[in-house]
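The values are calculated or read from the model by the stated rules, or taken from the named source; none is laboratory data. Worth saying up front: this structure is predicted, and the values here are computed from it rather than measured. Here the Cβ positions follow ideal geometry from the backbone for every residue, glycine too, while neighbour counts run over all protein chains shown.
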């Protein structure tokens, strides 16, 4: 299904914020539910991810010097007058993102929120004592739009690496005499079955330990038509009717 919108045509900011990993709690849950329920919103997330993917590797993770986080938090919540100079607060304006200036703002906001704070007003010497361990970052969600080979509605897939749960929207790809079976194709190029899809109400699949390693950004999800109950051989036996690639959000 085609979509002629571009990132400059009144973007849905929830899609951009989800792609950047800025949403938390109920806002993140609401956005993920929209990915499952709204094809256009899921495609907006995909476009934002592709538009900003080149920015994710620009800054390596650097442990923050001791006391920087406390000074930044104090500068945000404390009195306006400060006895000790602190890094200036960054303000980002999101109502209209367009062009190169908007991409730079998104990159800086992503760096501040998702990376340890490392900005200091002047160069400092390395600390004499080891810094505290940095907390592990939760695994990022993976999404894919599985597009039919012929005309039809794409199937949106959302995978949570933390729980191993794979959720998909309704897949009206098979008739009453066949089953739609979902496969993942990783770096080895071999299809591995993830389970059968339901034609109504969406599907929720529990991914086994072997397939969890294969569900990574860039892996292909494909749907084939199989006999009722699934492929009898462990490999696709019928035509492939839809494909899509996993992307990280």
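Here residue 184 does not fit the description of being over 22 Å from residue 21 (Cβ atoms), touching a strand residue (DSSP E or B) at 6+ places or on another chain (Cβ under 7 Å) and modelled with pLDDT under 90. Could you tell me whether the stretch 193-200 includes any residue that is part of a loop (DSSP other than H, G, I, E, B), over 15 Å from residue 169 (Cα atoms), modelled with pLDDT of 90 or more and in the same structural domain as residue 148 (by TED's automatic domain parsing)? No, because not a single residue in the stretch 193-200 is part of a loop (DSSP other than H, G, I, E, B), over 15 Å from residue 169 (Cα atoms), modelled with pLDDT of 90 or more and in the same structural domain as residue 148 (by TED's automatic domain parsing).
If only one of 31, 19 is modelled with pLDDT of 85 or more, touching a helix residue (DSSP H, G or I) at 6+ places or on another chain (Cβ under 9 Å) and part of a helix (DSSP H, G or I), which one is it?
Details: 19 fails: modelled with pLDDT of 85 or more.
The conditions single out 31.
Reported count of residues in the stretch 218-232, each being under 22 Å from residue 37 (Cα atoms) and in a loop (DSSP other than H, G, I, E, B), is 0.
In the stretch 175-192, what residues are in a strand (DSSP E or B) and farther than 16 Å from residue 155 by Cα? Walk me through how you get there before you give the answer.
At the first step, the residues of the stretch 175-192 found to be in a strand (DSSP E or B) are 178-185, 191-192.
Across the stretch 175-192, the qualifying residues are 178, 185, 191, 192.
Just so you know, in the stretch 196-211 the residues that are crowded, with 18+ Cβ neighbours inside 10 Å and free of Cβ contacts under 8 Å to residues at least 40 places away in the same chain include one that is farthest from residue 241 (Cα to Cα), and it is 211.
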